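Have a look at the structure below before the remarks.
The values are calculated or read from the model by the stated rules, or taken from the named source; none is laboratory data. For clarity, every value in this text was computed on a predicted model and none was experimentally measured. Every residue, glycine among them, receives a Cβ derived from its backbone with ideal geometry; neighbour counts consider all protein chains shown. What goes into the accessible areas is simple: the full protein's heavy atoms, side chains included, and nothing from ligands, DNA or RNA. Shrake-Rupley method; radii C 1.70, N 1.55, O 1.52, S 1.80 Å.
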Amino acid sequence: MKPRHLRAVFTRAVYAAVAAAGIATVATPATAARIGILSNRFATETAADFNSRIPAHSFTAINTAASIPTLQTLTDAYDVILVFEDQTYGNSTAVGNTAAAFATSGRAVVIGAFYDQDRSDGPAANAPHGWGALETLDPNTTDGAGTPYAPRTLDTSTMVRHALTGGVTALYSAKFAGGNAAKPGTNVVAWWRQANARGQPDPAIAFRITGAACVVQVAMAPNYPATGVVGTDYSGDFHRVWQNAFDFGANKCVSTTRDSETPGAEAIPTLSQWGLVLTMLLVGAVGALQRRRRVR
């Protein structure tokens with residue numbers, strides 16, 4: 001092979017390897033999703049906070065104390081919905097029935113505190129109204145007491161590597177978290193260090209898949225930024241936990257190794273298989289050029 005031809009091969013290999021490396025190190029973005037936030041209180045404030053802190057998705061508040069959206073309205077406008085409440089209310093049953101239908105249509109539902117307080121197995125003192133059909137799909141029951149208004153700290157030592165826990169290193173709640181018991185067959189990926197009212201493990205982040213329905217439960221108030229003080233009432237990777245839940249739901253509740261990586265891991269470039277192949281070609285071309293020069 002003539003030197004100029006060899007240089008041409010070498011140049012093409014360099015360009016190909018650099019391009020492959022660049023492609024391989026670009027993170028695959030999460031699917032941008034339209035999230036409907038259904039609550040009787042603080043839906044507007046929570047949507048505003050999430051729009052500011054989780055820009056990967058768009059959030060719209062739906063005040064379910066005023067009216068209950070139809071299933072058609074929800075499926076036309078949203079990819080994922082978040083259901084929570086602040087104080088029990090009579091519309092919870094109808095909201096739960098509509099959310100269950102949304103879930104069985106193949107779209108994810110995310111649940112936050114104080115969902116447990118209106119669950120039909122909650123304490124009588126809460127005068128629970130129930131969540132209708134959603135209670136057949138949700139990951140957890142209450143522990144008989146519900147939100148304990150006591151500190152909860154995430155137990156990261158037992159946390160499962162999963163899309164729902166990626167990038168999460170700490171989470172703390174002074175009072176608006178916990179009070180649940182995982183149903184048999186529920187996938188719990190993170191627990192609170194503190195036990196529930198029954199002296200059993202208290203699930204912090206869990207999900208359950210029933211047919212086409214996927215329901216994720218984060219046992220913490222999503223409206224904390226509107227009612228508490230960061231660093232005092234709540235701290236840690238609060239918004240990352242909620243973003244993970246929405247990412248997971250938008251991805252049809254499929255978890256990949258990539259999803260469970262922490263953001264810091266992306267600072268270390270990783271080549272794809274094609275990148276490795278082209279790198280090998282580059283090394284070969286360099287070797288051939290060196291040998292050609294020695295022969296001359």
Open item on the list: Could you give each residue of region 217-225 its phi-based ³J(HN,Hα) in whole Hz, using Karplus coefficients 6.51, -1.76, 1.60 with θ = phi - 60°, and x for Gly or Pro?
Closed with: 10, 9, 7, 7, 6, x, 8, 3, x
Task: Dipole of region 82-165, positive direction: furthest Cα of ASN97, LEU164, ALA150, with charges on the beta-carbon - done: LEU164
Task: Accessible area (Å², 1.4 Å probe, nearest 10) - SER157 - done: 100 Å²
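Scale the Cα Rg of region 66-196 by the rule-of-thumb value 2.2 N^0.38 Å and send over the ratio, two decimals.
Values: Rg = 15.2 Å, N = 131, 2.2 N^0.38 = 14.0 Å.
Relative to the 2.2 N^0.38 Å estimate, region 66-196 comes out at 1.08.
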TODO: Would you give the gap between the C-alpha center of region 69-91 and the C-alpha center of region 145-222, rounded to a whole Å?
DONE: 22 Å
- [ ] Quick one: order MET159, MET220 from most to least accessible surface, probe 1.4 Å.
- [x] MET159, MET220
